[in-house]
Amino acid sequence: MNAKALIQGSSLTKNLDVQFTKNWDICDENGRVRDTEMNWEVPVTGTIYGVALNYRETLQAYESAFQEKPYNKPPEAPVLYIKPKNTWTPHQAPVYVPEDVSELQTGPALGVVLKQTATQVSPEDALDFVAGYTVVNDVHIPHESLHRPAIKEQARDRFCPIGPWVLNTSEISDPDHLQIKTYVNDQLVHEANTSSLVRSVRHLISDVTAFMSLGKGDVLMVGVPHGTPRVKSSDTVKVEIEKVGILENTIQPE
Amino acid sequence: MRKGRIAIGGSIQEVVQQEDGVQLSDGRTYKEEEVTWLPPVEPQTTFVLGLNYADHASELAFEPPKEPLVFLKGPNTFIGHNAETKRPEEATHMHYECELAVVIGKQGKHIKQAEAYDYVEGYTIANDYAIRDYLENYYRPNLKVKNRDTCTPIGPWITSKEAIQDPMNLALRTKVNGVTTQEGTTKDMVFSIPFLIEYLSSFMTLQPDDVILTGTPKGLAKVNAGDIVEAEVEGLGTLKNTIIAKPE
(Lines give C-alpha, C1' and ligand atoms only; values in the text may rest on other atoms or scores of the structure.)
Protein backbone atom coordinates (compact mmCIF):
# COMPACT_ATOMS: atom_id res chain seq x y z
CA MET A 1 0.00 0.00 0.00
CA ASN A 2 1.32 3.42 -0.91
CA ALA A 3 0.78 6.61 1.02
CA LYS A 4 2.20 10.09 1.60
CA ALA A 5 3.47 10.89 5.06
CA LEU A 6 5.10 13.86 6.70
CA ILE A 7 7.90 12.74 8.96
CA GLN A 8 10.09 14.94 11.12
CA GLY A 9 13.73 14.15 10.37
CA SER A 10 16.74 15.30 12.36
CA SER A 11 17.29 18.36 10.22
CA LEU A 12 14.30 18.77 7.95
CA THR A 13 10.71 17.74 7.62
CA LYS A 14 10.26 15.27 4.82
CA ASN A 15 7.23 14.69 2.69
CA LEU A 16 7.75 11.02 1.91
CA ASP A 17 6.17 8.31 -0.12
CA VAL A 18 5.87 5.42 2.30
CA GLN A 19 4.79 1.83 1.99
CA PHE A 20 3.33 -0.28 4.75
CA THR A 21 2.48 -3.89 5.51
CA LYS A 22 -0.83 -5.51 6.50
CA ASN A 23 0.18 -4.91 10.11
CA TRP A 24 0.66 -1.19 9.34
CA ASP A 25 4.46 -1.38 9.68
CA ILE A 26 6.44 0.90 7.41
CA CYS A 27 8.42 -1.24 4.99
CA ASP A 28 10.67 -0.98 1.95
CA GLU A 29 9.48 -1.92 -1.52
CA ASN A 30 10.33 -5.58 -0.87
CA GLY A 31 8.07 -5.66 2.21
CA ARG A 32 10.93 -5.65 4.72
CA VAL A 33 9.88 -3.79 7.89
CA ARG A 34 11.97 -0.76 8.81
CA ASP A 35 12.61 -0.58 12.52
CA THR A 36 13.64 3.07 12.70
CA GLU A 37 11.73 5.40 15.01
CA MET A 38 9.42 7.81 13.19
CA ASN A 39 8.51 11.28 14.36
CA TRP A 40 5.18 11.75 12.70
CA GLU A 41 3.77 15.08 11.67
CA VAL A 42 0.24 16.01 10.64
CA PRO A 43 0.11 14.93 6.96
CA VAL A 44 -2.35 17.58 5.75
CA THR A 45 -2.24 21.35 5.30
CA GLY A 46 -5.72 22.70 4.50
CA THR A 47 -8.87 23.27 6.54
CA ILE A 48 -10.38 20.27 8.35
CA TYR A 49 -14.18 20.14 8.15
CA GLY A 50 -16.31 17.75 10.20
CA VAL A 51 -19.83 16.58 9.44
CA ALA A 52 -22.32 15.82 12.22
CA LEU A 53 -25.28 13.45 11.94
CA ASN A 54 -23.94 11.55 8.95
CA TYR A 55 -24.40 8.04 10.31
CA ARG A 56 -27.84 6.45 10.09
CA GLU A 57 -27.67 5.18 13.68
CA THR A 58 -27.11 8.73 14.96
CA LEU A 59 -29.98 10.11 12.89
CA GLN A 60 -32.28 7.40 14.26
CA ALA A 61 -31.24 8.17 17.84
CA TYR A 62 -32.15 11.84 17.37
CA GLU A 63 -35.29 11.21 15.33
CA SER A 64 -37.87 12.34 17.90
CA ALA A 65 -35.71 15.22 19.19
CA PHE A 66 -35.54 16.63 15.67
CA GLN A 67 -39.28 17.36 15.77
CA GLU A 68 -38.95 19.42 18.95
CA LYS A 69 -37.35 22.68 20.01
CA PRO A 70 -34.77 23.93 19.32
CA TYR A 71 -34.45 21.86 16.14
CA ASN A 72 -38.09 21.79 14.96
CA LYS A 73 -37.26 19.72 11.87
CA PRO A 74 -34.55 17.34 10.68
CA PRO A 75 -31.44 18.82 9.06
CA GLU A 76 -31.45 19.30 5.30
CA ALA A 77 -27.95 20.50 4.40
CA PRO A 78 -24.85 18.71 5.71
CA VAL A 79 -24.20 19.87 9.31
CA LEU A 80 -20.61 21.12 9.19
CA TYR A 81 -18.04 22.33 11.66
CA ILE A 82 -14.34 23.19 11.55
CA LYS A 83 -11.46 21.64 13.50
CA PRO A 84 -9.04 24.60 13.58
CA LYS A 85 -5.24 24.29 13.48
CA ASN A 86 -4.75 24.38 17.25
CA THR A 87 -6.57 21.03 17.41
CA TRP A 88 -4.32 19.18 14.97
CA THR A 89 -2.05 16.57 16.47
CA PRO A 90 -0.02 13.83 14.79
CA HIS A 91 0.04 10.06 15.17
CA GLN A 92 1.57 8.93 18.49
CA ALA A 93 1.31 12.39 20.09
CA PRO A 94 -0.66 12.93 23.32
CA VAL A 95 -4.16 14.36 23.63
CA TYR A 96 -4.71 16.32 26.84
CA VAL A 97 -7.81 16.15 29.02
CA PRO A 98 -8.69 19.72 30.02
CA GLU A 99 -8.81 20.38 33.76
CA ASP A 100 -12.54 21.12 33.70
CA VAL A 101 -13.63 17.70 32.36
CA SER A 102 -13.09 14.07 33.33
CA GLU A 103 -13.76 12.23 30.08
CA LEU A 104 -13.34 12.79 26.36
CA GLN A 105 -15.39 11.26 23.59
CA THR A 106 -13.50 9.66 20.72
CA GLY A 107 -14.46 10.48 17.14
CA PRO A 108 -13.18 7.84 14.72
CA ALA A 109 -13.66 9.24 11.22
CA LEU A 110 -12.52 8.68 7.66
CA GLY A 111 -10.79 11.83 6.38
CA VAL A 112 -11.09 12.60 2.67
CA VAL A 113 -8.19 14.76 1.46
CA LEU A 114 -8.85 17.04 -1.50
CA LYS A 115 -6.54 17.08 -4.52
CA GLN A 116 -7.76 20.32 -6.09
CA THR A 117 -10.39 22.99 -5.61
CA ALA A 118 -13.87 21.45 -5.71
CA THR A 119 -16.84 23.73 -6.43
CA GLN A 120 -20.32 22.44 -7.28
CA VAL A 121 -19.06 18.96 -8.02
CA SER A 122 -21.48 16.24 -9.11
CA PRO A 123 -21.57 12.93 -7.20
CA GLU A 124 -20.35 11.19 -10.35
CA ASP A 125 -17.21 13.33 -10.55
CA ALA A 126 -16.61 13.74 -6.80
CA LEU A 127 -13.91 11.10 -6.35
CA ASP A 128 -11.83 12.71 -9.11
CA PHE A 129 -11.22 15.57 -6.66
CA VAL A 130 -9.83 13.29 -3.93
CA ALA A 131 -6.07 12.96 -3.37
CA GLY A 132 -6.39 10.26 -0.73
CA TYR A 133 -7.74 9.10 2.60
CA THR A 134 -6.53 9.40 6.17
CA VAL A 135 -7.59 8.46 9.69
CA VAL A 136 -8.95 11.13 12.03
CA ASN A 137 -9.90 10.94 15.69
CA ASP A 138 -12.31 13.84 16.10
CA VAL A 139 -11.96 14.05 19.88
CA HIS A 140 -14.50 16.19 21.70
CA ILE A 141 -15.98 16.88 25.10
CA PRO A 142 -19.27 14.95 25.33
CA HIS A 143 -22.22 17.23 24.58
CA GLU A 144 -25.85 16.54 23.72
CA SER A 145 -26.98 19.75 22.08
CA LEU A 146 -26.33 20.40 18.41
CA HIS A 147 -28.15 23.73 18.47
CA ARG A 148 -25.20 26.11 18.69
CA PRO A 149 -21.64 25.80 17.34
CA ALA A 150 -19.72 23.79 19.95
CA ILE A 151 -16.22 25.18 19.65
CA LYS A 152 -15.57 24.89 23.37
CA GLU A 153 -16.30 21.17 23.12
CA GLN A 154 -14.64 20.53 19.74
CA ALA A 155 -11.80 23.02 19.31
CA ARG A 156 -9.52 22.54 22.31
CA ASP A 157 -5.80 22.28 21.62
CA ARG A 158 -4.80 18.83 20.28
CA PHE A 159 -8.39 17.60 19.88
CA CYS A 160 -7.86 16.41 16.33
CA PRO A 161 -5.33 13.58 15.93
CA ILE A 162 -4.85 12.84 12.23
CA GLY A 163 -2.61 10.51 10.21
CA PRO A 164 -0.27 8.71 10.17
CA TRP A 165 -0.34 9.17 6.42
CA VAL A 166 -2.59 9.98 3.47
CA LEU A 167 -3.32 6.82 1.51
CA ASN A 168 -3.26 7.29 -2.26
CA THR A 169 -6.73 7.23 -3.68
CA SER A 170 -5.69 4.53 -6.17
CA GLU A 171 -5.50 2.07 -3.25
CA ILE A 172 -9.21 2.41 -2.44
CA SER A 173 -11.86 1.85 -5.08
CA ASP A 174 -14.84 2.14 -2.75
CA PRO A 175 -14.64 4.47 0.29
CA ASP A 176 -18.21 3.57 1.26
CA HIS A 177 -17.45 0.10 2.59
CA LEU A 178 -14.63 0.59 5.06
CA GLN A 179 -14.68 -0.96 8.53
CA ILE A 180 -13.67 1.40 11.35
CA LYS A 181 -12.43 -0.14 14.61
CA THR A 182 -11.67 1.75 17.80
CA TYR A 183 -9.44 0.22 20.45
CA VAL A 184 -9.02 1.56 23.98
CA ASN A 185 -6.01 0.09 25.78
CA ASP A 186 -5.79 -2.55 23.04
CA GLN A 187 -9.38 -3.75 23.60
CA LEU A 188 -11.67 -3.50 20.59
CA VAL A 189 -14.57 -1.43 21.97
CA HIS A 190 -16.35 0.00 18.93
CA GLU A 191 -16.95 -0.86 15.30
CA ALA A 192 -18.65 0.97 12.48
CA ASN A 193 -18.67 0.89 8.70
CA THR A 194 -18.82 3.72 6.20
CA SER A 195 -21.64 1.81 4.48
CA SER A 196 -23.88 3.36 7.20
CA LEU A 197 -23.20 6.92 6.04
CA VAL A 198 -26.34 8.96 5.37
CA ARG A 199 -24.50 10.79 2.60
CA SER A 200 -21.91 8.60 0.90
CA VAL A 201 -18.48 10.08 0.27
CA ARG A 202 -19.48 11.07 -3.28
CA HIS A 203 -22.76 12.64 -2.22
CA LEU A 204 -21.22 14.43 0.73
CA ILE A 205 -18.56 16.08 -1.46
CA SER A 206 -21.29 17.06 -3.90
CA ASP A 207 -23.68 18.46 -1.27
CA VAL A 208 -20.94 20.41 0.56
CA THR A 209 -19.37 21.90 -2.57
CA ALA A 210 -22.84 22.97 -3.72
CA PHE A 211 -22.53 25.92 -1.29
CA MET A 212 -18.82 26.21 -0.38
CA SER A 213 -15.63 25.30 -2.18
CA LEU A 214 -13.21 22.80 -0.72
CA GLY A 215 -9.59 23.63 -1.52
CA LYS A 216 -6.51 21.59 -2.31
CA GLY A 217 -5.33 19.92 0.90
CA ASP A 218 -8.61 20.43 2.74
CA VAL A 219 -9.96 17.46 4.68
CA LEU A 220 -13.59 16.47 4.85
CA MET A 221 -14.24 14.11 7.76
CA VAL A 222 -17.22 12.10 6.62
CA GLY A 223 -18.76 11.67 10.06
CA VAL A 224 -18.34 10.23 13.54
CA PRO A 225 -20.29 7.00 14.13
CA HIS A 226 -22.89 6.64 16.85
CA GLY A 227 -21.98 5.66 20.41
CA THR A 228 -18.22 6.08 20.26
CA PRO A 229 -16.27 5.22 23.41
CA ARG A 230 -15.21 7.71 26.03
CA VAL A 231 -11.67 7.82 27.35
CA LYS A 232 -9.82 9.27 30.32
CA SER A 233 -6.28 10.12 31.31
CA SER A 234 -3.68 7.38 30.73
CA ASP A 235 -5.82 5.54 28.15
CA THR A 236 -4.41 4.72 24.73
CA VAL A 237 -6.76 5.07 21.75
CA LYS A 238 -6.27 3.45 18.37
CA VAL A 239 -8.52 4.12 15.41
CA GLU A 240 -8.05 1.62 12.59
CA ILE A 241 -9.74 2.12 9.22
CA GLU A 242 -9.67 -0.82 6.86
CA LYS A 243 -6.98 -0.36 4.19
CA VAL A 244 -6.38 3.29 5.23
CA GLY A 245 -4.28 3.10 8.39
CA ILE A 246 -4.13 3.06 12.17
CA LEU A 247 -3.89 6.19 14.31
CA GLU A 248 -2.70 5.87 17.91
CA ASN A 249 -2.68 8.50 20.64
CA THR A 250 -2.40 8.54 24.40
CA ILE A 251 -4.70 10.52 26.64
CA GLN A 252 -2.91 12.57 29.27
CA PRO A 253 -3.81 15.14 31.93
CA GLU A 254 -3.40 18.76 30.84
CA MET B 1 0.40 52.54 10.11
CA ARG B 2 -1.79 50.77 7.60
CA LYS B 3 -0.75 47.62 5.74
CA GLY B 4 -2.43 45.87 2.86
CA ARG B 5 -1.96 43.03 0.38
CA ILE B 6 -2.54 43.62 -3.28
CA ALA B 7 -1.99 42.01 -6.66
CA ILE B 8 -0.15 44.18 -9.17
CA GLY B 9 2.05 43.45 -12.17
CA GLY B 10 1.44 39.72 -11.89
CA SER B 11 2.50 39.29 -8.27
CA ILE B 12 1.22 39.54 -4.74
CA GLN B 13 2.68 42.48 -2.83
CA GLU B 14 2.55 43.74 0.72
CA VAL B 15 1.97 47.46 0.74
CA VAL B 16 1.70 50.35 3.15
CA GLN B 17 -0.69 53.24 2.83
CA GLN B 18 0.62 56.47 1.36
CA GLU B 19 -1.23 59.65 0.75
CA ASP B 20 -3.94 58.72 -1.78
CA GLY B 21 -2.35 55.38 -2.62
CA VAL B 22 -0.21 52.41 -1.75
CA GLN B 23 3.54 51.91 -1.68
CA LEU B 24 5.30 48.65 -2.48
CA SER B 25 8.39 47.56 -0.58
CA ASP B 26 10.55 48.64 -3.58
CA GLY B 27 9.16 52.16 -3.36
CA ARG B 28 6.78 52.09 -6.34
CA THR B 29 3.45 53.74 -5.66
CA TYR B 30 0.00 53.20 -7.13
CA LYS B 31 -3.37 54.79 -6.67
CA GLU B 32 -5.85 52.74 -4.62
CA GLU B 33 -8.09 52.16 -7.62
CA GLU B 34 -5.24 50.84 -9.79
CA VAL B 35 -4.60 47.73 -7.74
CA THR B 36 -6.42 44.50 -7.00
CA TRP B 37 -7.03 44.29 -3.28
CA LEU B 38 -6.55 41.01 -1.43
CA PRO B 39 -7.53 40.30 2.16
CA PRO B 40 -4.91 42.22 4.21
CA VAL B 41 -4.27 39.10 6.27
CA GLU B 42 -4.46 35.44 5.23
CA PRO B 43 -6.85 34.52 8.02
CA GLN B 44 -5.89 31.45 10.00
CA THR B 45 -8.48 30.38 12.56
CA THR B 46 -11.31 32.87 12.14
CA PHE B 47 -13.76 33.33 14.99
CA VAL B 48 -17.05 35.08 14.43
CA LEU B 49 -19.41 36.36 17.11
CA GLY B 50 -23.12 35.91 16.77
CA LEU B 51 -25.54 38.23 18.57
CA ASN B 52 -22.76 40.34 20.11
CA TYR B 53 -24.69 43.61 20.02
CA ALA B 54 -27.76 43.73 22.24
CA ASP B 55 -29.74 45.86 19.74
CA HIS B 56 -29.01 43.41 16.91
CA ALA B 57 -30.01 40.44 19.10
CA SER B 58 -33.37 42.06 19.85
CA GLU B 59 -33.80 42.89 16.16
CA LEU B 60 -33.57 39.15 15.48
CA ALA B 61 -35.84 38.42 18.47
CA PHE B 62 -33.16 36.88 20.66
CA GLU B 63 -31.95 37.50 24.18
CA PRO B 64 -28.25 38.41 24.12
CA PRO B 65 -26.30 35.23 24.96
CA LYS B 66 -24.83 34.68 28.43
CA GLU B 67 -21.69 33.15 26.95
CA PRO B 68 -20.18 34.24 23.62
CA LEU B 69 -21.82 32.56 20.62
CA VAL B 70 -18.81 31.76 18.45
CA PHE B 71 -18.56 30.06 15.10
CA LEU B 72 -15.64 29.52 12.71
CA LYS B 73 -15.05 30.32 9.04
CA GLY B 74 -12.91 28.67 6.37
CA PRO B 75 -10.58 30.39 3.88
CA ASN B 76 -12.94 29.95 0.92
CA THR B 77 -15.21 32.74 2.12
CA PHE B 78 -12.75 35.67 2.15
CA ILE B 79 -12.30 38.27 -0.58
CA GLY B 80 -10.58 41.65 -0.62
CA HIS B 81 -11.77 45.23 -0.97
CA ASN B 82 -13.56 46.26 -4.21
CA ALA B 83 -14.43 42.64 -5.07
CA GLU B 84 -17.69 40.89 -5.89
CA THR B 85 -19.91 38.83 -3.60
CA LYS B 86 -22.11 36.19 -5.20
CA ARG B 87 -25.78 36.25 -4.33
CA PRO B 88 -27.77 33.11 -5.21
CA GLU B 89 -30.71 34.17 -7.38
CA GLU B 90 -33.09 32.11 -5.26
CA ALA B 91 -32.16 33.92 -2.01
CA THR B 92 -34.71 36.26 -0.45
CA HIS B 93 -32.90 37.18 2.81
CA MET B 94 -29.30 38.12 2.12
CA HIS B 95 -28.02 40.68 4.63
CA TYR B 96 -24.69 42.49 5.08
CA GLU B 97 -23.10 42.62 8.53
CA CYS B 98 -20.48 45.32 9.12
CA GLU B 99 -17.98 44.18 11.77
CA LEU B 100 -14.79 45.26 13.49
CA ALA B 101 -12.20 42.52 12.87
CA VAL B 102 -9.35 42.01 15.34
CA VAL B 103 -6.13 40.52 13.96
CA ILE B 104 -4.06 38.55 16.47
CA GLY B 105 -0.31 39.26 16.40
CA LYS B 106 1.17 36.91 18.98
CA GLN B 107 0.64 33.35 20.19
CA GLY B 108 -1.10 33.09 23.53
CA LYS B 109 -3.12 30.92 25.88
CA HIS B 110 -4.83 31.82 29.17
CA ILE B 111 -4.52 35.51 28.33
CA LYS B 112 -6.00 37.84 30.94
CA GLN B 113 -8.21 40.76 29.92
CA ALA B 114 -5.68 43.26 31.26
CA GLU B 115 -3.01 41.93 28.85
CA ALA B 116 -5.35 41.19 25.94
CA TYR B 117 -4.29 44.08 23.70
CA ASP B 118 -0.65 42.91 23.88
CA TYR B 119 -1.77 40.04 21.63
CA VAL B 120 -3.47 42.25 19.04
CA GLU B 121 -1.64 43.30 15.88
CA GLY B 122 -4.31 45.57 14.53
CA TYR B 123 -7.80 45.99 13.18
CA THR B 124 -9.63 45.75 9.90
CA ILE B 125 -13.20 45.73 8.59
CA ALA B 126 -15.18 42.64 7.67
CA ASN B 127 -18.55 42.31 6.01
CA ASP B 128 -19.96 39.02 7.26
CA TYR B 129 -22.76 38.41 4.75
CA ALA B 130 -25.50 36.03 5.86
CA ILE B 131 -28.04 34.31 3.64
CA ARG B 132 -30.78 33.58 6.13
CA ASP B 133 -32.80 31.50 3.68
CA TYR B 134 -30.43 28.65 4.56
CA LEU B 135 -30.64 28.89 8.36
CA GLU B 136 -31.14 25.57 10.12
CA ASN B 137 -31.10 24.88 13.85
CA TYR B 138 -27.96 22.73 13.78
CA TYR B 139 -24.74 24.43 14.86
CA ARG B 140 -26.64 27.61 14.04
CA PRO B 141 -25.59 29.83 12.32
CA ASN B 142 -24.62 26.99 10.00
CA LEU B 143 -21.90 27.11 7.38
CA LYS B 144 -24.37 27.20 4.49
CA VAL B 145 -25.45 30.62 5.83
CA LYS B 146 -22.05 31.91 6.88
CA ASN B 147 -19.22 30.21 5.01
CA ARG B 148 -20.10 30.65 1.37
CA ASP B 149 -17.48 31.54 -1.25
CA THR B 150 -16.94 35.33 -1.57
CA CYS B 151 -19.34 36.13 1.28
CA THR B 152 -16.79 37.62 3.68
CA PRO B 153 -15.09 40.70 2.25
CA ILE B 154 -12.28 41.88 4.55
CA GLY B 155 -9.98 44.92 4.38
CA PRO B 156 -8.85 47.17 2.83
CA TRP B 157 -6.12 47.61 5.45
CA ILE B 158 -4.86 46.34 8.74
CA THR B 159 -4.54 49.45 10.85
CA SER B 160 -1.96 48.95 13.60
CA LYS B 161 -3.35 48.94 17.12
CA GLU B 162 -1.17 51.93 18.04
CA ALA B 163 -3.18 54.05 15.60
CA ILE B 164 -6.49 53.25 17.33
CA GLN B 165 -6.89 54.88 20.69
CA ASP B 166 -9.95 52.94 21.87
CA PRO B 167 -11.26 50.08 19.72
CA MET B 168 -14.26 49.84 22.05
CA ASN B 169 -15.44 53.29 20.97
CA LEU B 170 -15.59 53.25 17.17
CA ALA B 171 -18.54 54.15 14.98
CA LEU B 172 -19.71 51.52 12.46
CA ARG B 173 -21.72 52.40 9.38
CA THR B 174 -22.99 50.56 6.32
CA LYS B 175 -24.15 52.25 3.15
CA VAL B 176 -26.02 50.54 0.33
CA ASN B 177 -25.79 52.46 -2.95
CA GLY B 178 -24.72 55.52 -0.98
CA VAL B 179 -27.60 55.46 1.52
CA THR B 180 -26.76 54.80 5.17
CA THR B 181 -28.67 51.73 6.38
CA GLN B 182 -26.76 50.64 9.49
CA GLU B 183 -25.18 52.70 12.25
CA GLY B 184 -23.76 51.63 15.55
CA THR B 185 -20.78 51.80 17.86
CA THR B 186 -18.40 49.18 19.19
CA LYS B 187 -19.28 50.54 22.66
CA ASP B 188 -22.43 48.44 22.45
CA MET B 189 -20.74 45.05 22.15
CA VAL B 190 -22.08 42.53 24.66
CA PHE B 191 -18.64 40.91 25.03
CA SER B 192 -15.69 43.30 24.63
CA ILE B 193 -12.47 42.59 22.73
CA PRO B 194 -10.46 41.91 25.93
CA PHE B 195 -13.24 39.65 27.21
CA LEU B 196 -13.29 37.67 23.94
CA ILE B 197 -9.50 37.24 23.90
CA GLU B 198 -9.56 36.00 27.50
CA TYR B 199 -12.53 33.72 26.78
CA LEU B 200 -11.18 32.12 23.58
CA SER B 201 -7.65 31.72 24.92
CA SER B 202 -9.00 30.11 28.09
CA PHE B 203 -9.60 26.92 26.13
CA MET B 204 -7.52 27.21 22.96
CA THR B 205 -4.23 28.71 21.82
CA LEU B 206 -4.50 31.86 19.72
CA GLN B 207 -1.98 32.27 16.89
CA PRO B 208 -0.72 35.18 14.77
CA ASP B 209 -3.12 35.92 11.90
CA ASP B 210 -6.07 34.41 13.73
CA VAL B 211 -8.93 36.85 13.31
CA ILE B 212 -11.91 37.67 15.51
CA LEU B 213 -14.98 39.16 13.82
CA THR B 214 -16.72 40.85 16.71
CA GLY B 215 -20.34 40.94 15.55
CA THR B 216 -22.66 43.48 14.00
CA PRO B 217 -25.03 46.11 15.45
CA LYS B 218 -28.66 46.74 14.56
CA GLY B 219 -29.64 47.78 11.05
CA LEU B 220 -30.03 44.76 8.81
CA ALA B 221 -31.16 45.35 5.27
CA LYS B 222 -31.48 43.10 2.26
CA VAL B 223 -29.07 43.36 -0.63
CA ASN B 224 -29.66 42.61 -4.28
CA ALA B 225 -27.56 42.02 -7.35
CA GLY B 226 -25.96 45.26 -8.50
CA ASP B 227 -25.90 46.83 -5.03
CA ILE B 228 -22.72 48.54 -3.92
CA VAL B 229 -22.17 47.97 -0.22
CA GLU B 230 -19.74 50.03 1.83
CA ALA B 231 -18.85 48.96 5.36
CA GLU B 232 -17.08 51.61 7.43
CA VAL B 233 -15.44 51.50 10.80
CA GLU B 234 -14.18 54.76 12.27
CA GLY B 235 -10.42 55.06 11.83
CA LEU B 236 -10.12 51.94 9.65
CA GLY B 237 -11.44 53.13 6.30
CA THR B 238 -14.18 51.86 4.01
CA LEU B 239 -14.58 48.32 2.71
CA LYS B 240 -16.50 48.38 -0.54
CA ASN B 241 -17.93 45.55 -2.58
CA THR B 242 -20.53 44.75 -5.19
CA ILE B 243 -23.26 42.13 -5.12
CA ILE B 244 -23.52 40.02 -8.27
CA ALA B 245 -26.15 37.49 -9.28
CA LYS B 246 -25.20 33.85 -9.20
CA PRO B 247 -27.56 31.49 -11.01
CA GLU B 248 -28.17 28.23 -9.13
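The values are calculated or read from the model by the stated rules, or taken from the named source; none is laboratory data. Since this is a predicted model, take the numbers as computed values, not measurements. With ideal geometry, Cβ positions are generated from the backbone for all residues, glycine too; neighbour counts draw on all protein chains shown. With ligands, DNA and RNA removed, areas are computed over all heavy atoms of the protein, side chains included. Shrake-Rupley method; radii C 1.70, N 1.55, O 1.52, S 1.80 Å.
Which of the listed residues, A:55, B:107, A:116, is farthest toward the dipole's positive end in the protein assembly as shown, when Lys, Arg count +1 and Asp, Glu count -1 at the beta-carbon?
A:55
Using only the Cα atoms of chain A, build the gyration tensor, take square roots of its eigenvalues as a ≥ b ≥ c, and label the shape rounded, prolate or oblate: rounded if a/c is under 1.5, else prolate if a/b is larger than b/c, else oblate. Before the final figure, lay out the partial values.
Details: a/c = 1.71, a/b = 1.23, b/c = 1.38.
Oblate, since a/c reaches 1.5 and b/c is not below a/b.
Hey, which of these cross-link pairs are over 25 Å Cα-Cα: A:22/A:232; B:73/B:161; A:152/B:240; A:216/B:146; A:83/B:3? Working shown, then result.
Numbers: A:22/A:232 29 Å; B:73/B:161 23 Å; A:152/B:240 34 Å; A:216/B:146 21 Å; A:83/B:3 29 Å.
Over 25 Å apart, Cα to Cα: A:22/A:232; A:152/B:240; A:83/B:3.
What is the log10 of I(q)/I(0) for the protein assembly as shown, computed with the Debye formula using one identical point scatterer on each Cα and no solvent, at q = 0.07, 0.10 Å⁻¹?
For the protein assembly as shown, the Cα-only Debye profile gives -0.39, -0.80.
Calculate the dipole size of the protein assembly as shown relative to its Cα centre from +1 charges on Lys and Arg beta carbons and -1 charges on Asp and Glu beta carbons; express the result in debye to the nearest 20.
On the way: 48 positive and 69 negative charges, 26 e Å.
In debye, rounded to 20, the protein assembly as shown gives about 120.
Taking every residue in A:83-91, how many Cβ atoms of other protein chains lie within 10 Å of its Cβ, on average?
Details: counts 1, 10, 6, 10, 3, 0, 0, 0, 0.
Average per residue, whole number: 3.
Let's see if you can work this out: charge +1 on each Lys and Arg Cβ, -1 on each Asp and Glu Cβ, no other charges. What is the dipole magnitude of chain B about its Cα centre, in debye to the nearest 20? Intermediate results must be reported in sequence, preceding the final value.
Numbers: 25 positive and 36 negative charges, 75 e Å.
Using only the charged Cβ atoms, the result is roughly 360 debye.
Under the definition of partner shielding as Cβ atoms of other protein chains within 10 Å of a residue Cβ, what is the mean value for peptide B:193-205? Intermediate results must be reported in sequence, preceding the final value.
Values: counts 0, 0, 0, 0, 0, 0, 1, 3, 0, 3, 10, 11, 7.
Shielding by partners across B:193-205 averages 3.
Cα to Cα, under 20 Å, and not fewer than 8 places away if on the same chain: which aspartates and glutamates meet these conditions relative to residue A:115?
Cross-link targets: A:17, A:41, A:124, A:125, A:128, A:171, A:174, A:176, A:207, A:218, B:149.
Give the carbon-plus-sulfur fraction of the accessible surface of the protein assembly as shown in %, rounded to a whole number; probe 1.4 Å, heavy atoms of protein chains only.
45 percent
Express in whole angstrom the spacing between the alpha-carbon centres of region B:176-203 and region A:23-89.
33 Å
Taking region B:39-116, which trypsin sites (Lys or Arg not before Pro) meet the DSSP loop condition and have no more than 16 other C-beta atoms within 10 Å?
Numbers: sites: B:66, B:73, B:86, B:106, B:109, B:112; in loops: B:66, B:106, B:109, B:112.
Answer by residue number: B:66, B:106, B:109, B:112.
Measuring from centroid to centroid over Cα atoms, what is the spacing of region A:199-254 and region A:125-157 in Å?
The distance from the Cα centre of region A:199-254 to that of region A:125-157 comes to 6 Å.
Give the calculated FRET efficiency between residue A:191 and residue A:144 to the nearest 0.05, with a Förster radius of 30 Å applied to their Cβ-Cβ distance.
Rounded to the nearest 0.05, the efficiency is 0.80.
Top to bottom by accessible area (1.4 Å), largest first, where do A:62, A:49 land? Write down the numbers at each step before the final one.
Values: A:62 45, A:49 0 Å².
Order by accessible area, largest first: A:62, A:49.
Would you work out which of A:150, A:140, A:201 lies farthest towards the positive end of the dipole of region A:42-253, given +1 charges on the beta-carbon of Lys and Arg and -1 on that of Asp and Glu, about the Cα centre?
Of the options given, the answer is A:150.
For the full complex of protein chains and a 1.4 angstrom probe, list B:175, B:3 by accessible area with the highest value first. Each step should come with its number before you reach the end.
Working: B:175 55, B:3 80 Å².
Most to least solvent-accessible, the answer reads B:3, B:175.
Other chains near A:202-209: what is the mean number of their Cβ atoms within 10 Å of each residue's Cβ?
Numbers: counts 0, 0, 0, 0, 0, 1, 2, 2.
Mean shielding count: 1.
Nearest 100 Å², what total accessible surface is buried between chain A and chain B (probe 1.4 Å)?
Numbers: alone 12560 and 11390 Å², together 20990 Å².
Heavy-atom accessible area buried at this interface is about 3000 Å².
Whats the longest run of chain A with zero trypsin sites (Lys or Arg not before Pro) that are DSSP loop and have at most 10 other Cβ atoms within 10 Å? Walk me through the intermediate numbers first.
Values: sites that count: A:22, A:32.
Here the longest segment lacking exposed loop sites spans A:33-254.
In what sequence, highest mean first, do B:12-18, B:226-232 appear when ranked by Cβ atoms within 10 angstrom?
On the way: B:12-18: 15.6, B:226-232: 18.9.
Ranked by mean Cβ neighbours within 10 Å, highest first: B:226-232, B:12-18.
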